[in-house]
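What follows is a single structure, written as structure tokens, with notes after it.
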Amino acid sequence: MEKNISYKLKRSKRAKRMRLAVYCDGSVVITSPFGVEKSIVEKFLADKKQWAWDKILFFNSVDSKAIRTFSHKDYLQNKDKTLTLVNERVKFYNKIYGFYFNQIFIKNQKTRWGSCSSKKNLNLNYKIIFLPEKHRDYIIVHEMCHLKELNHSRNFWALVERALPNYLEIKKELRNHELFYK
């Protein structure tokens, strides 16, 4: 029997492509740029249906107490501590790279661990303070490498590997770990 997945469709001016998210409460959200027809959204969901069902089943099987939820108060309490940690780790890894960057910002992002802007600003999610050290370092190194390569080319991954030879293993672990930090 074919099951339908109910979802909420969010249209966004900032969205450049469609995005599918399954949250720990089992809700499904598709974010889409304006102008994308409903039939395209439905096809997108159909193509990702198995992935979505796997995530829904996973969240239904996990004790909800194992999933950490955060508030704005958590952000305010941990922002400065996170900035101190990130500054230390950027300084440490910049001994390897010697990259120029502008500023470091600590943000309260819902769907990203970090980003690097074309203005050479490093933006990191305050929630990295709660991650194991190797996951934090992977995120920081990843964003630092975008200072040189604003893409995910072979050159980019070679830069990441320079500081973290086992980055693929860490990246895989982080994907599994991030389900518990939303």
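Values quoted throughout were computed directly from the atomic coordinates according to the rules given, and no laboratory measurement underlies them. Computed from a prediction, not measured in an experiment: that's the story for all the values here. Using ideal geometry, Cβ is built from the backbone for each residue, glycine included, and neighbour counts are taken over all protein chains shown.
Taking other Cβ within 10 Å of each residue's Cβ, how do 75, 126 sort, fewest first?
75, 126
Could you tell me which chymotrypsin sites (Phe, Trp or Tyr not before Pro) in region 1-43 are loop residues by DSSP with no more than 14 other beta carbons within 10 angstrom of their beta carbon?
Passing both the DSSP loop test and the Cβ count: 34.
Hey, with R₀ at 30 Å, roughly what FRET efficiency would residue 51 and residue 12 work out to, going by the Cβ-Cβ distance, to 0.05?
0.90
In Å, the Kirkwood hydrodynamic radius of region 5-90 over pairs of distinct alpha carbons?
The answer is 15.5 Å.
Under 14 Å from a label point 7 Å along Cα→Cβ of residue 4: give me every residue in region 40-62 with its amide N that close.
Correct set: 42-43, 46.
Hey, what angle do you get for helix 38-47 against the long axis of the chain, alpha-carbon based, 0 to 90 degrees rounded to 10?
70 degrees
Report the full-extension gain for the segment residue 83 to residue 96: residue separation times 0.36 nm, less the Cα-Cα distance, to one decimal in nm.
Here the answer is 2.6 nm.
Considering the alpha-carbon set of the chain alone, what are its Rg and its Dmax in angstrom?
18.1, 57
In nm, to one decimal, how far is the modelled label at residue 120 from the one at residue 161, with both set 7 Å along Cα→Cβ?
Going by the 7 Å Cα→Cβ label model, 2.7 nm.
Based on Cβ point charges of +1 for Lys and Arg and -1 for Asp and Glu, what charge dipole magnitude is obtained for the chain about its Cα centre, in debye rounded to the nearest 20?
620 debye
Set the Förster radius R0 to 35 Å, insert the Cβ-Cβ distance between residue 149 and residue 72 as r into 1/(1 + (r/R0)^6), and round the FRET efficiency to 0.05.
In this case the efficiency is close to 0.55.
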